[in-house]
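Input: a single structure, listed below in structure tokens.
None of the figures in this text is laboratory data; all of them are computed from the coordinates on show. A quick note: this is a predicted structure, and the numbers were derived from the prediction, not measured. Every residue, glycine among them, receives a Cβ derived from its backbone with ideal geometry; neighbour counts consider all protein chains shown.
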Amino acid sequence: MNYGLYTSFLGMRSRQRTLETQANNIANAMTTGYKAERLLYRTIEAEKKGESSLQNLVAGVVTSGGTDFTAGNISQTGRDLDVAIEGDAFLQIQTPRGVRYTRAGNLSLDANGQLVTKNGDLVVGQKGAITVPAGGELSIGSDGSLAVKGQKFDQLKLVRFENPTAALQKEGDSLFMETGNEKPLQATNSQIIQGSLEGSNINSIQEMVSMINNNREFESIQKSVTLLMNDLGKKIAGEIGKI
Amino acid sequence: MPNRALLTAATGMQVQQQNVDNIANNLANASTNGFKRTRIEFQDLMYQNMRSAGGAANASANLPVGLQIGMGARSIASERLFIQGEYKQTENPLDMVIEGSGFFQVRQSNGDLAYTRNGSFHLNNQGQIVTATGEFLEPSITVPTEASSFTVGNDGTVSVTIPGQANAQNIGQIQLAIFANPAGLEALGRNLFRETGASGQATVGSPDSNGIGRLSQGMVEGSNVNVVEELVNMISAQRMYETNSKVISTADRMLGTINQAVS
């Protein structure tokens, strides 16, 4: 087995995955509540051929992903049904597929006056689904309490996770689902800001820089493939020459 | 494959294109009375799970993080923002604004009801109150030809004074409609909206009651488009379009590199 070629292959494949992830981050730079996806490289080791640590060569790199849950910019919209979360809390959403979580606070009312997401999934309050009484403007307090004409009728259910990167995975549609690594906890130290939205946490300049960097790494590895191939070709030619 | 990055960046360019289309419509209607601006909302598309977080890493441990590759973004909604527009005083007795929520009801020529925030009305040759495009205000109100003044109260009561009569004469009351979800209304153009399954059924009532806004005469509601904000949004949409196109050229360069390696 030629370890050099295999190592190069793993290196190139990981750079491809990185580009795909960067493409998704950049495509979602304006998605409300979107959280950046980051790839982590980790090394895998070659099979041990001897006692010498020199022979215990690093054989390559593979990737695993992780969501970066740092906060996005909060911008004012003036719309009553827009909420931004300051802190690490998530809104709880009831979908036909089960419980999901989101940071996208661009909520709506459906024809029955129920508070829903843009996909029509129910936003969960302390008493389950939230029906907003007609006949007044909805005001949402910093603790998520919901009131119409000063009359409190429910409160948004806010949850948090000790380690959201491990506890949640993305489902698309701005939703996160539990991975089973951790149970949701009652949110603390989070504030709801009505009339504002949290943008994505993508820094497009940073993404561009790392994309250029990633591309150059890819090219460098390709160079090493070319060298290895030439080297291999010469060796084979030399061996054949001896015979 | 970098192919996937190409497709992902294409979705990013497509949503920014729709974003700019929407901004163009908002800007074009910056001076349209009663116009409510829309905003495009984005969502991430589905993810390809390469490794599932929470899956078994070995007999005793679970994977703390997985590997998910996303497929890009899409536009999910054009949310109409029913934020109040600016009031402009006109002194024209047939101009009205709704202070608060609610819509004027108008009857289209095909007999269907439509709803509008544009309170700039006119009289037709029969003395009936109509919109600029000829839809009748509902319930229909006819102003007598001999009337010398026309007054609309905060509660929608319409009265006229007729020369030679001491008391003002009540000729009807304007009724307004509210919806559970006004953002679910469908825009018909001509400043009109139509009820849909998403908006819920119209609740009709007198102005200044049950959460319906009150009427003020002699003013019109301008659009709620903020030109500066739209221009800023347009610049950032354009920049994001460019950034997505850079992803395409990078993915293309990677594919080129592979071809070099093979040759």
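About its Cα centre, the dipole of the range B:15-166 is roughly 660 debye, where the only charges are +1 on Lys and Arg Cβ and -1 on Asp and Glu Cβ. Classify the protein assembly as shown from the C-alpha gyration tensor, please: rounded if a/c falls under 1.5, else prolate or oblate depending on whether a/b exceeds b/c. It is prolate, given that a/c is not under 1.5 and a/b is the larger ratio.
Helical content alone sets the calculated 222 nm signal of chain B at -8500 deg cm²/dmol, taking -39,500 (n - 2.57) per DSSP H segment of four or more residues and averaging over every residue.
Counts of other chain beta carbons within 10 angstrom of each beta carbon in peptide A:61-70 average 4. Could you tell me which of rounded, prolate or oblate describes chain B, using a ≥ b ≥ c as the square roots of the eigenvalues of the alpha-carbon gyration tensor, with rounded for a/c under 1.5 and, failing that, prolate when a/b is larger than b/c and oblate otherwise? Verdict is prolate for chain B.
As a rough footprinting exposure proxy, the listed residues A:ILE240, B:ILE248, B:ILE174 were ranked by other beta carbons within 10 Å of their own, and the order from fewest upward is A:ILE240, B:ILE248, B:ILE174.
Straight distance only, please: which lysines reach the Cα of A:LYS223 with their own Cα at less than 19 Å, same-chain residues fewer than 8 apart left out? Of all the lysines, those that pass the test against A:LYS223 - Cα under 19 Å, at least 8 places apart if same chain - are A:LYS234, A:LYS235.
Straight Cα distances below 24 angstrom link B:LYS36 to the lysines A:LYS118, B:LYS88, with same-chain residues fewer than 8 positions distant left out.
Under the convention that each Lys and Arg Cβ holds +1 and each Asp and Glu Cβ holds -1, the size of the dipole of chain A around its Cα centre is about 580 debye. Helix B:2-28 and the longest principal axis of the C-alpha atoms of chain B enclose an angle of approximately 20°. Name the residue, out of B:TYR47, B:TYR115, B:TYR241, whose mean-square fluctuation peaks in a Gaussian network model built on chain B with Cα pairs under 10 Å. Top of the fluctuation ranking is B:TYR47. Peptide A:159-170 shows a mean partner chain C-beta count of 3 within 10 Å per residue C-beta. Normalised by the number of residues in the range B:113-246, the mean separation of alpha-carbon contacts (under 8 Å, six or more apart) gives a relative contact order of 21 percent. In plain terms, the residue of A:VAL132, B:VAL247 with the fewest other Cβ atoms within 10 Å comes first and the most crowded comes last, giving A:VAL132, B:VAL247.
Estimated from helices alone, the mean residue ellipticity of chain A at 222 nm is -10000 deg cm²/dmol (sum of -39500 (n - 2.57) over DSSP H runs with n ≥ 4, per residue). Counting beta carbons within 10 Å around each of B:LEU188, A:LEU39 and listing the fewest first gives the order B:LEU188, A:LEU39.
Computed extension gain for B:GLN126 through B:ASN25, at 0.36 nm per residue and net of the alpha carbon distance, reaches 32.8 nm. Please name whichever of B:THR116, B:VAL20, B:ILE69 sits farthest to the positive end of the charge dipole of the range B:1-136, dipole taken about the Cα centre and charges placed at Cβ: Lys and Arg +1, Asp and Glu -1. Value: B:ILE69. Overall form of the range A:174-223: oblate. Here a/c, set by the Cα gyration tensor axes a ≥ b ≥ c, is 1.5 or more, and a/b is not larger than b/c. Derived value for chain A: Kirkwood hydrodynamic radius 21.3 Å. Basis is the mean of 1/r over every pair of different alpha-carbon atoms. For GluC sites (Glu not before Pro), the sites in the range A:91-184 that DSSP calls loop and that have at most 12 other Cβ atoms within 10 Å are A:GLU137, A:GLU162. Considering only alpha-carbon pairs that sit under 8 angstrom and 6 or more positions apart, the relative contact order computed for chain B is 26 percent. Highest average first, the peptides B:208-216, A:20-28 ordered by how many other beta carbon atoms sit within 10 Å of their residues are A:20-28, B:208-216. Can you tell me the FRET efficiency between A:TYR6 and B:MET46 if r is taken as the Cβ-Cβ distance and R0 is 30 Å, rounded to the nearest 0.05? Efficiency for this residue pair is about 0.45.
One chain, two ends: B:GLN169 and B:ARG190. Fully extended at 0.36 nm per residue, the span grows by 4.3 nm beyond their Cα-Cα distance. Note the angle between two axes, namely the Cα long axis of helix A:204-242 and the longest principal axis of the Cα atoms of chain A, as a number of degrees from 0 to 90, rounded to the nearest 10. Value to nearest ten degrees: 20.
Principal-axis analysis of the Cα atoms of chain A puts helix A:3-27 at an angle of about 20° to the longest axis. For the residues of B:44-56, the average number of beta carbons from a partner chain within 10 Å of their own beta carbon is 6.
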